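A.B. asks: Structure in structure tokens, see below.
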Amino acid sequence: DVQLQASGGGLVQAGGSLRLSCAASGFYFDDYSKAWFHQAPGKEREGVASISSEDGSQYYPLSAKGKLTISVDNANTVYLDMKNLTPDDTGVYYCAVGHPHEDRMRDEHEYSYWGQGTEVTVSS
């Protein structure tokens, strides 16, 4: 079975940094593109980072560039490094994998499997 387990969330002060992790199992990790989605309270879930299984290209919304970094390692883990956090970054972060179209790397409907999410709270 495909499983994704997100962890690393917690409380951080504005301006601080966090590293979120997503441990993957049950599938050939390298064959899937990976992504992180953020759902702020009362808001729609939105893609904030993705990395292509085709060539390793990373995709971010403009607002995330220079702030978020997605990466993977050889132990089947996806990471999201976050810096310069603000209270607007508060919410649940979900990891997901799938085979998205190249022009829809941040579209949640392109992803097949999802982790349970990990909560991030940024205090001011």
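A.B. asks: Please name all residue pairs, on different chains or six or more residues apart, with Cβ atoms under 8 Å, provided the first residue is in the range 99-124 and is over 16 Å from Ile51 (Cβ atoms) and the second residue is outside any loop (DSSP other than H, G, I, E, B) and charged (D, E, K, R).
C.D. replies: Val120/Asp89; Val122/Asp88; Val122/Asp89
A.B. asks: Exactly one condition in (1) assigned to a helix (DSSP H, G or I); (2) modelled with pLDDT of 95 or more is false for Asp103; which is it?
C.D. replies: (2)
A.B. asks: What number of residues within the range 70-90 are in a helix (DSSP H, G or I) and either open to solvent by 50 Å² or more (accessible area, probe 1.4 Å) or free of Cβ contacts under 8 Å to residues at least 24 places away in the same chain (or both)?
C.D. replies: The qualifying residues number 2.
A.B. asks: Which residues, counting only those in the range 91-107, are open to solvent by less than 50 Å² (accessible area, probe 1.4 Å) and of a type outside the set (Val, Ile, Thr)?
C.D. replies: Correct list: Gly91, Tyr93, Tyr94, Cys95, Ala96, Gly98, Pro100, Met105, Asp107.
The values are calculated or read from the model by the stated rules, or taken from the named source; none is laboratory data. All values derive from a computational prediction rather than experimental measurement. Please note: Cβ atoms are built from the backbone with ideal geometry, for glycine as well, and neighbour counts cover all protein chains shown. Heavy atoms of the whole protein, side chains included, go into the accessibility calculation; ligands, DNA and RNA do not. Shrake-Rupley method; radii C 1.70, N 1.55, O 1.52, S 1.80 Å.
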